[in-house]
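Colleague: If you scroll down you'll find the structure; I have some questions about it.
The values are calculated or read from the model by the stated rules, or taken from the named source; none is laboratory data. Note that this is a predicted model, so its numbers are computed, not measured. Counting neighbours? That spans all protein chains shown, and the Cβs are built from the backbone with ideal geometry, glycine included. Note: accessible area is taken over every heavy atom of the protein model, side chains too, but ligands, DNA and RNA are not part of it. Shrake-Rupley method; radii C 1.70, N 1.55, O 1.52, S 1.80 Å.
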Amino acid sequence: MRISTPHRTVLTAAAVLLAVPGTAAAASAAPRHPADPLQPVAALAADRLATADLVAAAKWGTDSPIDDPAREQQVLDTVAAQAQQIGADPDETRRVFRDQIEANKLVQRALFAEWTAHPDRAPTTKPDLSVVRAAINRINTDLVRALADTTPERVSPSCGPELFVAAVEVHHEKHQDLLHTTALARSLAHICRG
């Protein structure tokens, strides 16, 4: 049987998302809640990933490296402080945001590789990186709050299956390609604590 490209992409995304720790064990038992409490977390992670394309375009052809340890540390310190202010675990928040950063860099590296191999696909305009970073900061703040708000769900034994369902829903809603779906799975690696 030949599988069409959209269905193959969804199946590949599901396979990638099954690699998220804790999702494979109970994916078949995943509850179907009309309002999945982890959906906002997955959606915000996807929104943050969408900025990777803009960051890559802003850095393409410049001396700005994909790895930016000073900026990464600034982000991690900021989200940890935000978490502490609202009574959430700053160390856990750092872990989750380290995943967000690594997922973002995964997208940037893949785009750089594509643009190097196919210069005609490279961006011809450069977004203002400070504007993109301001948008990332807003998403970060929302994600810190969403993580704090979903602490009970994230420590629950059902977190893995619920996160899997949320990630598949986000993939479907945002029409993510394989690169961004793979990066989304990477970004969700430490959402569940159980």
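Colleague: Give the accessible surface of segment 56-194 per residue, rounded to a whole number of Å², with probe radius 1.4 Å and ligands, DNA and RNA excluded. Please list the in-between numbers first.
Modeller: Numbers: 6770 Å² over 139 residues.
I get 49 Å² per residue for this part.
Colleague: Taking K and R as +1 and D and E as -1, what net charge do the other residues with C-beta under 14 Å from the C-beta of V107 add up to?
Modeller: Working: positive: R48, K59, K105, R109, K174, R186; negative: D47, D53, D67, D99, E102, E114, D177.
Around V107, the charge tally is -1.
Colleague: Which value in nm describes the separation of the simple spin-label points at A117 and Q73, placed 7 Å from the Cα toward the beta carbon?
Modeller: Using points 7 Å along Cα→Cβ, the separation is 3.5 nm.
Colleague: Excluding D47 itself, what net charge comes from residues whose Cβ is under 9 Å from its Cβ, given Lys and Arg +1 and Asp and Glu -1? Don't jump to the answer; show the numbers that get you there.
Modeller: Numbers: positive: R48, K174; negative: D142.
Residues close to D47 contribute a combined charge of +1.
Colleague: With a 10 Å radius around each residue's Cβ, average the other Cβ atoms per peptide and rank 56-66, 118-128, highest first. Intermediate results must be reported in sequence, preceding the final value.
Modeller: Numbers: 56-66: 14.8, 118-128: 10.6.
Averaged packing, sorted descending, gives the order 56-66, 118-128.
Colleague: Roughly how many percent of the accessible protein surface of segment 53-116 is carbon and sulfur, given a 1.4 Å probe and a whole-percent answer?
Modeller: That fraction is 51 percent.
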